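Undergrad: Below is the structure I would like to discuss, written out as structure tokens.
The values are calculated or read from the model by the stated rules, or taken from the named source; none is laboratory data. Since we're looking at a predicted model, the values are computed, not measured. Neighbour counts run over all protein chains shown; Cβ positions are idealised from the backbone, glycine included. Ligands, DNA and RNA are excluded from the accessible area calculation, which covers all protein heavy atoms including side chains. Shrake-Rupley method; radii C 1.70, N 1.55, O 1.52, S 1.80 Å.
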Amino acid sequence: MPAPRPSVITRLRAAGCVFAEDEARLLGAAAATPDELDALVERRVSGLPLEHILGWVEFCGLRIEVDAGVFVPRRRTGFLVQQAARLLAGTGRPRPAPVVVDLCCGSGAVGAALAALSGPLELHAADIDPAAVRCAVRNIVPLAGAVHEGDLYEPLPARLRGRVDVLAVNAPCVPSAEIGTLPQEARLHEPRVSLDGGTDGLQVQQRVAAAALEWLAPGGHLLVETSRRQASRTVELFIRNGLTARVSSSGALDATVVIGTAVVGATAVPADPA
């Protein structure tokens, strides 16, 4: 397919596509004929996410398949991957393959990137959304990983209890009342279950932290992507549930990750009665 006509770039720019030239190039590469390109551009102009049109997204140097209706991994989530990979590289373990779980996995992008960066892993991914699971299977299984469908820890194999070295979680964290303020691409084309974190945006994080000690190996790590405004409360959730906690952030990526560690002998603190 030849280079996109200037009119394509103009249409994309008029629709609010900030990187119109790059998008035109990608759409042009995906189209076999001018008519097909026009159809793809029309879908983009109508508001469909570029990644859903292409069927893939570049994430941490990988091409991750992403279907329509599945959460699109953000560039900032690469910081979560970097922090998890650093912990895997810096921790001596007798087992040849550390156990890694990508919880709330969506397309499986975090798990796939960790497998690429950190060598042989016993990799598991889980999500409650059937469409996400179908997508994650295509990204995770070729890397010798396993994908499970269900609510948080519920579908994970019981043999993983007390054995997980890294639990990486990109949980939904948008307060329910703020869903309507999200960009159209997310609000209309990504599943609410991948965005909605409940009244305060922390309900899924709270459930993840509450059961983390049951699944983490001694010295294992829980990493949760959160926001700058939520980070202090995420830290509180970790400490209340028996984990140490620290905040790591990247200004360049506008990314915040809370990292918890399972200390030997730690126990969760019972929540105050309502």
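Undergrad: Are there any strands (runs of 3 or more DSSP E) wholly within the stretch 34-134 with 1 or more residues that are among the small types (Gly, Ala, Ser) and open to solvent by less than 50 Å² (accessible area, probe 1.4 Å), and if so which?
TA: In the stretch 34-134, 122-127 are the strands (runs of 3 or more DSSP E) which contain 1 or more residues that are among the small types (Gly, Ala, Ser) and open to solvent by less than 50 Å² (accessible area, probe 1.4 Å).
Undergrad: Right, something else. If a residue must be under 14 Å from the mean Cα position of the chain (by Cα) and open to solvent by 10 Å² or more (accessible area, probe 1.4 Å), how many such residues does the stretch 197-224 contain?
TA: Count: 1.
Undergrad: Continuing with this model, one more query. How many residues are more than 14 Å from residue 100 (Cβ to Cβ) and in contact (Cβ under 8 Å) with a residue 40 or more places away in the chain if we restrict to the stretch 140-169?
TA: 4
Undergrad: Of the residues 47, 108, 16, 90, which is free of Cβ contacts under 8 Å to residues at least 24 places away in the same chain and at positive phi?
TA: Step by step, each of 47, 108, 16, 90 is checked, and only 16 is free of Cβ contacts under 8 Å to residues at least 24 places away in the same chain and at positive phi.
Undergrad: Might you let me know whether the stretch 236-244 holds any residue that is open to solvent by 70 Å² or more (accessible area, probe 1.4 Å), in contact with a strand residue (DSSP E or B) (Cβ under 9 Å, 6 or more places away or on another chain) and in a strand (DSSP E or B)?
TA: Within the stretch 236-244, none of the residues are open to solvent by 70 Å² or more (accessible area, probe 1.4 Å), in contact with a strand residue (DSSP E or B) (Cβ under 9 Å, 6 or more places away or on another chain) and in a strand (DSSP E or B).
Undergrad: Shifting gears a bit: Condition first: outside any loop (DSSP other than H, G, I, E, B), of a type in the set (Gly, Ala, Ser) and surrounded by fewer than 15 Cβ atoms within 10 Å (Cβ to Cβ). Now tell me which residues in the stretch 152-192 satisfy that.
TA: Listed by number, the residues that qualify are 158, 177, 180.
Undergrad: Please list, ordered by first then second residue, the pairs with beta carbon atoms under 6 Å, 6 or more apart or interchain, first in the stretch 204-230 and of a type in the set (Phe, Trp, Tyr), second crowded, with 19+ Cβ neighbours inside 10 Å.
TA: 215/164
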